[in-house]
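Since every read-out is calculated from the coordinates, none of them should be taken as a lab result. This structure is a prediction, so every number in the text was calculated from the model and none was measured. Don't worry about glycine lacking a Cβ; one is built from the backbone with ideal geometry, like all the others, and counts go over all protein chains shown.
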Amino acid sequence: MNHKEIENIIFDLGGVIINLNIENTFRKFSELFKKDISVDIFSDHRKYGFFRAYEVGRISDEEFRGHIRELAGFPVEDRQIDDAWIAMLMEIPEDRISWIYEATRRYNCVVLSNTNSIHVKYFEAFFNKVTPYGYPKDVWQKLYYSHEIGERKPDAAAFEYVLNDSGFDPSKTVLFDDLKDNLESANKLGIRTEYVVRNQLRKEQLLDEIR
């Protein structure tokens, strides 16, 4: 898709900036708890609403770990829980981050991510370690993390928060995201959208097609 007159980019985090494999985490939980913990529970908000609550900052890290211990059915150390939870966050390819950095020199760029404090602490330290660009706050104008703003995608309120806070004109803004529900919600607010196949952001998609 060729986006004309774009001034602003909203980046998703997992699957766009950093590679994401959610199954890794639930495989780790299954190994740790010695029983099958299906990845499906991650999106079962009716029965396992603590995942969503954690993403919007309604429960603390320790409360989240407490719910994970309930899944285990026996005491588990914080470090073991955190290591499994972080396992879904994978590489940040060097070439990809160079394209993204180039985009931040051309456009007003922010991040909007459904995430949580354990993941953010890891991501920010990892980004600083494996890229030459410093910390994420040194690259993007602002980072909107769901657990800090109290809203998550695909809820319209998450996008409205970003638009209101940044002052972005939605018609001059494009969202790069790997989930179609998020793209559809943003599009209803007038934000242009670009679907990213998970973990496969292309250089021409980012730098050529939005010129």
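At an R0 of 22 angstrom, the distance between the Cβ atoms of Tyr101 and Lys142 translates into a FRET efficiency of 0.85. For segment 32-87, the set of trypsin sites (Lys or Arg not before Pro) satisfying both a DSSP loop assignment and a count of at most 11 other C-beta atoms within 10 Å is given as Lys34, Lys35, Arg46, Lys47.
Label positions at His67 and Val130, each projected 7 Å from the Cα along the C-beta direction, are separated by 2.7 nm.
The Cβ shell under 14 Å around Asp78 holds other residues with a net charge of -2, Lys and Arg each +1, Asp and Glu each -1.
In degrees between 0 and 90, to the nearest 10, how far off the longest principal axis of the chain does helix 61-72 point, with axes built from Cα atoms? In the chain, helix 61-72 runs at an angle near 50 degrees to the longest axis. Principal-axis analysis of the Cα atoms of the chain puts helix 22-33 at an angle of about 10° to the longest axis. Between Asn21 and Asn164, the modelled label-to-label distance comes to 4.0 nm, taking each label 7 Å out from Cα in the direction of the beta carbon.
Within the chain, antiparallel bridges make up roughly 5 percent of the DSSP beta bridges whose residues both belong there. Averaging the Cα positions of each part gives two centres, and for segment 31-68 and segment 145-189 these lie 24 Å apart.
What's the angle, to the nearest 10 degrees (0 to 90), between helix 94-106's Cα axis and the longest principal axis of the chain? That works out to roughly 50 degrees. Here the extension length gained between Asp208 and Ser43 equals 55.9 nm, from 0.36 nm per residue of separation less the Cα-Cα distance. Lysines within cross-link reach of Lys34: Cα-Cα under 24 Å, excluding same-chain residues under 8 positions apart? Straight-distance partners of Lys34: Lys47.
Taking 16 Å as the straight-line reach from the Cα of Lys188, the lysines in range (excluding those fewer than 8 positions away in the same chain) are Lys153, Lys172, Lys180.
Is segment 114-168 rounded, prolate or oblate when judged by the Cα gyration tensor, a ≥ b ≥ c being the square roots of its eigenvalues, rounded requiring a/c under 1.5 and prolate requiring a/b larger than b/c?
Oblate is the answer for segment 114-168, as a/c is 1.5 or above yet b/c matches or exceeds a/b.
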